[in-house]
Structures are given as C-alpha cells and as structure tokens.
Amino acid sequence: MDMHKKFTDRIGPVVTKSHVDLPFEPNTRSCQEWVDDLPILDAASTAGMMLTATQGLLSTTVAPYTEFKISEVVSPYVIKLTTLYLKATEGTKLPLSQKQAELSTQTLKVLTNAQAVYQNIICSAYFAKNSADESGDDTPIFSKHQKGLIIHRAVELLGIIQFFESLVYKPTDAGFWNALNALFTLAEDLQVHQLDYLKVNGNSHTTIENEFKKIHFFKLARPNRFRQGDIKTIQRILSLQANNITMSSNQEVSTSFYIDLSSSKPISHVATLKEHDQCRFIDNKLLVQFIQSDQLVAPERQVTISMTPEKPILSKKVIQQLLPSWSTQQSRQSPRYEQTEELTVYPGFDSVIRALVLKQNPDYFGKKPAQTTKPRHDFGIDNLHLIPIEERYKSQHTINDTDVNKALKASAENSLSANSIWTKNLIKPGEKGHSMEATMNDISLQGLRFQIAANNQALLNANDLIGIQTKTGPLQLAIIRRINKLEDGDISVGVEMMSPNLKIANIKFHNKELPPKPAIFLQGIPSIHQPDSIITPLLLNNTAKSIILKTKDTLNTYRLDKLIETNQVFNHYTVLKESDLDYGKQ
C-alpha cells in the first residue's frame, strides 16, 4: 500500500466546525506584519488573536505550500505565547483560578491548532507529490527535506502539547498516541526520521526519532506525580539524553521497552510483549546510568530544584521515584475498590496543624474581630474598586488618571506609621490553614482517590501533605502522589496514606532564644516496627541535637534519628525517645 495512503487511512485531516477568516492576507509578508504587531506581553490578548489565526489556517482554503510557509512564521510566536503562560503560572497550585483556566484553555487550543495545521498539510494530496503535475499546475512541490521538516513540526508540537498538559496536570487526549505513532511510521517510510532539523524555537537541532523517544519516555515518567519544577527538569533531561536512548527493529538482551507503531498506545515494558511485527525495541541503559550518576543528584539537604541549560539536577527522592519508571515494569501494588464518601481535606502543613489545634480546642482561633470603620480619605475621588498600583502595572509604562486615583485611595486607607512598621503581627500556628470539601472515588490498601470542585481555592500541590477526614472518622495524614485535571476543571487527587494517629507537637529547642515550632507527631506502631516520627517544614541540620516535643501537658525529650523524606514542603524524621519530663516542673 502507498505509504501516504496508509497514513491518511489512519489519520484524517482535522476539520473545524465553523469557518474563521484569517486576520491577514494568505501570504508570508502579510502574516509577518501581523505577528510583528502582536501584543506578546499581554498573554490573554495574544492568545485570543492567535486562536483566530490558527482557526483561520484550519478553515480557510490555502495552498498547502503557502500554508506551510505561513505556519513557519506563526509557530515561533505560538511557542512564545506558551512560554509566557508558563512563566506567568509558575508554581501555581490547583485548581487554577478562572482567569488562569481560561488562558490555559486558549493557549492549549492554539498549540493544538498549530499542530493540526502541519498534520493537515501532511494529509493533503500535494504532500505525496514527487514531481510537477503534467496538467500544468505550477504549485511548488515539497522537497524531501521539507517533508521531513513538516513531520518534525507535527511531532515536536505534539511533544510541546504533552509538556504543557503535564504542567497543568491534564491527561493527553485519546488520539494522541495514534497520531504520534502514525507520524513516526511515515517519517521512517520517507527515511527522514534521523535527519537533523532546527527546532521551532530556533535554539537547537534535533531529529524526529529523538523527539519521538522523548515523548514516549516522558509518558513513562508519569509526570502527574511531580511538582512543576521537577517536571521541567525531567523534560530537560530527556532532551539532553534522547540521543543515548537507542531504538531498533530487533529485540536484544538489553531491551527494556518497546513501541508498537501500528497501535494507538504509548511505550510498554517488554514483559507485556505479544506480537511484534511493527515494534521498535528500546535500550535505555545509558539514560538509567545518567539519572543514577552523581552529576544529577542535588547536594545533600538541597530540596529546591535547580536547572541550568548544561546541568539539570534532581533531589534524591525524585530520582528514587523516577528510576523504577524507566527501568522496570510498573503495576499497582494493590487493587482499587470503588467507594463514594464525603470528605473534608486539609491541604498543606498549616492546614493539618489547624485541624489538629481545632480538635483539641474548637475555640482556639476565636471569632475574627469586627472590622472598625477607618476614617475616609476621599480627596474628592470617586469611590472606585481599588487595586495596588505596584501589582497592576509591573510590566507597563503608562497609567491613566482613574488608576492613579485608585492607587491613591488604596494607600490612604493603608497609610504607614511607626507602629505599623515596627509592630510584629504574630500568626498563630495553623492560622493560615484551610479546608475544603471533597468526594472519595475509590480506595486501596495504600491510599485513596478523591475529587474536588474547580471553584475551590488553589491549594493543591504534588508531593504536599494533606489531612483527610470522613464525617465520622479520625483525621489521617497523607501525601499527594498524583494530580489530574479533569475535562470539567475539577481536580482528581490520588494520595498515599501515612498515619491514622496524629498529634500536634511543639519542637522546643534547648537553645532558649529559639521559639517553639509546631510539628506533626506520628505515633509509631511497634507491631510492624514503625518508629515514632515527626513532620516539620524545618530542615533540622544538626540531627545529633536533642529536641523537646510538647503534646498537651507532657514534655518528652527526643533525639532526631533519620531523615525519611525531604522535599520543597516538608521534612520527615524518625525520632528516638530519651526521657519523660514532668511538664509542671519546667
């Protein structure tokens, strides 16, 4: 069968539901003038304009060669828009705010449309032509190099879509893997899969094969387990190491994974292999060696993730999570059982502390004091919505009189004084905590999965602590291990349970100048050799030094034993009890 027909039988062109006019004349000069005028620093406006342009390219009849040339002008600006969005939302927790969610949806549509334009060019009859039409049609013919570049763009943009979706914890669409495997099959048939092409951002060269391997191994990494910084570093590692992942039509002893090009499935472990007529076998031992090397491991006790163009690094904990995904067959340790139940969840350390404090004393935080009416400073200015001037105009150079008036009123209502500068407002432990309602979906021996509505505050982060409580059960401690953003904007969260027996404790240092710090005390279970432990946001460097834990009216002296887990949010230590002290004698 003709290789192009085989592709088009498998992957049809993307058809838009409604016609959209191009915002420029269908030629590269007009397109270049249009992109030069984009307000690229205004992400929302740029996203709307680029959505119109990419929809126009999909719905307007333009010669495929011209469409290719226009797409080469537009695509770098698609990447600029994506980069702008990711910088603006870096470190954002879930659920996204309405504004962030709308911009995320628009940016993803722009990326998807841009990829679909290249895919439609490949599906066109002109792409299959190898010589001028005898009928006298003077439409330019795509060269072999150009055909490879178009396929490269389609594959590269699929990878960018996958990366973007991972950073907002959205699963890939159902047709993603079929499109990717079909594109690579065509590239192999045309013998362009190992040709070097300049990436759309213009920063480096890569091949279709390397992009293909990178996308599949990024899937294996299961990025919904990690924080955004870790996800970016994993993607960077694969960009650097893709050439060291070898792919062959023959299965070797060192083969760990395979990709069935005829399927609509991602990469799988060879243990699941049945038939392999169109399989490509993967040897990734050099990648595994790299992530086990000292050059990748962050310095001891460094819990923040650092990334430079030459040297990405990860914490030991992340490497320990990542290594099995790239070296062994993954399967669930225990089955899930469907169970629906209403929950209250307490995301983050402060929220868990708040729940424990309120359990001991429901009136601890008391009622918020009634707000006193401040003297008005109108200056003859209309009473308008106030916005801080420094926040609203970080990247702009001009403001109008109305906005100056708003800022003047805001500063008048919050004027500085000697007292406001030097008076320290003490925050009680747990005072910044929050809770939200959730619905349990299923449960297993290790954890459970629940869902929260999209209209909740943005409080969820991968690998963060979370307290979980049913209507009648005790407060239990867990760690967020997986996050998925659902189609309706709701968030699905998978957690690993840590302990059903929590106490609030104060770390009281022997150094009297150091104020006590709150901690979560986890009672050990001797029958399964589980020791006592504490969880704290503090990184306690001097592990040989004793600390004192206060629970209710008892002071117990403990010595830090081992650091179990550390990340950007909390540190988990086992502790050894030294002696009991009578609180009344202290």
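Annotations for the structure displayed:
- Looking only at residues in segment 138-187 that are assigned to a helix (DSSP H, G or I) and among the small types (G, A, S), the one that is surrounded by the fewest Cβ atoms within 10 Å (Cβ to Cβ) is A179.
- Yes/no for L314 being at pLDDT 85 or above, surrounded by fewer than 16 Cβ atoms within 10 Å (Cβ to Cβ) and aliphatic (A, V, I, L, M): no
- Residues that are open to solvent by 30 Å² or more (accessible area, probe 1.4 Å) and assigned to a helix (DSSP H, G or I) within segment 104-131 comprise T105, Q106, K109, T112, A125, Y126, A128, listed in sequence order.
- Here I479 fulfils each of the conditions (1) within 29 Å of I427 (Cα to Cα); (2) modelled with pLDDT under 90 apart from (2).
Let's see how each residue does on (1) β-branched (V, I, T); (2) in a strand (DSSP E or B); (3) in contact with a Leu (Cβ under 8 Å, 6 or more places away or on another chain); (4) modelled with pLDDT of 85 or more:
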site: D488; (1), (2), (3), (4): no, no, no, yes
site: M497; (1), (2), (3), (4): no, yes, yes, yes
site: I507; (1), (2), (3), (4): yes, yes, yes, no
site: K512; (1), (2), (3), (4): no, no, no, no
site: P515; (1), (2), (3), (4): no, no, no, no
site: I535; (1), (2), (3), (4): yes, yes, yes, yes
site: L539; (1), (2), (3), (4): no, no, no, no
site: T543; (1), (2), (3), (4): yes, no, yes, no
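- Counting the residues of segment 427-454 that are part of a loop (DSSP other than H, G, I, E, B) and either farther than 24 Å from V357 by Cα or of a type in the set (A, V, I, L, M, F, W, C) (or both) gives 6.
- K265 meets each of the listed conditions (1) touching a strand residue (DSSP E or B) at 6+ places or on another chain (Cβ under 8 Å); (2) basic (K, R); (3) modelled with pLDDT of 85 or more apart from (1).
- Residue satisfying all of: in segment 76-103; of a type in the set (S, T, Y) and in a loop (DSSP other than H, G, I, E, B); farthest from T233 (Cα to Cα) among these: S97
- Segment 197-229, subset touching a helix residue (DSSP H, G or I) at 6+ places or on another chain (Cβ under 6 Å) and polar (S, T, N, Q), residue most open to solvent (accessible area, probe 1.4 Å): N201
Residues checked against (1) surrounded by fewer than 15 Cβ atoms within 10 Å (Cβ to Cβ); (2) over 24 Å from F176 (Cβ atoms); (3) among the polar types (S, T, N, Q); (4) out of contact with any Phe, Trp or Tyr (no Cβ under 7 Å at 6 or more places or on another chain):
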residue	(1), (2), (3), (4)
I237	no, no, no, yes
L240	no, no, no, yes
N243	yes, no, yes, yes
N250	yes, yes, yes, no
V253	yes, yes, no, yes
I259	no, no, no, yes
S263	yes, no, yes, yes
I267	no, no, no, no
K274	yes, no, no, yes
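- Answer residue from segment 1-44, given it is of a type in the set (K, R) and assigned to a helix (DSSP H, G or I) and is surrounded by the most Cβ atoms within 10 Å (Cβ to Cβ) among those: R10
The values are calculated or read from the model by the stated rules, or taken from the named source; none is laboratory data. Fair warning: this is a prediction, and the values are worked out from it, not measured in the lab. Every residue, glycine as well, gets a Cβ built from its backbone with ideal geometry; the counts of neighbours run over all protein chains shown. Protein only, heavy atoms only, side chains kept; ligands, DNA and RNA dropped before computing areas. Shrake-Rupley method; radii C 1.70, N 1.55, O 1.52, S 1.80 Å.
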